[in-house]
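Here is the structure we will look at, set down as structure tokens.
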Amino acid sequence: MNQLILIASLISFAVAAPTATGHHGNAVNYGTGGGIIGFLVLLLDIYIFLELFKSSRPGTHKLLWALAVFFFPILGAALYFLFADRAKYNNYSAIEEV
């Protein structure tokens, strides 16, 4: 079993290795924008998941929205904010001080 994992990891490293030998110039200009955008999409999706599981929706609706956002992060988030009727199911509030 350990040999199989070792072989699979070595193959994945070989496939993931960069194939171009040229220099890409400034690394900040090369790929940082995608990382920042991806991180923002991740934060937005986490916010949606938290809002979903706090809501008073039926369990199946929560699951369907969560799957849509999980498998299609940008499109799912856009559809959630446009069509989810958030105000109807958002009946939670902050804890009040006694």
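Calculated FRET efficiency, Val41 to Leu63, Cβ-Cβ distance, R0 = 25 Å: about 0.75 to the nearest 0.05.
Ellipsoid semi-axes for region 41-98, based on the Cα gyration tensor and the rule √(5λ), read 21, 13, 10 Å when sorted largest first. Only sites in a loop by DSSP and with at most 13 other Cβ atoms within 10 Å count here; which chymotrypsin sites (Phe, Trp or Tyr not before Pro) in region 30-85 make the cut? Here no chymotrypsin sites (Phe, Trp or Tyr not before Pro) fit, given the DSSP loop and packing criteria.
Values in this text are rule-based calculations from the coordinates and carry no lab data. None of these values were measured; they are calculated from a predicted model. Backbone-built Cβ (ideal geometry, glycine too); neighbour counts: all protein chains shown.
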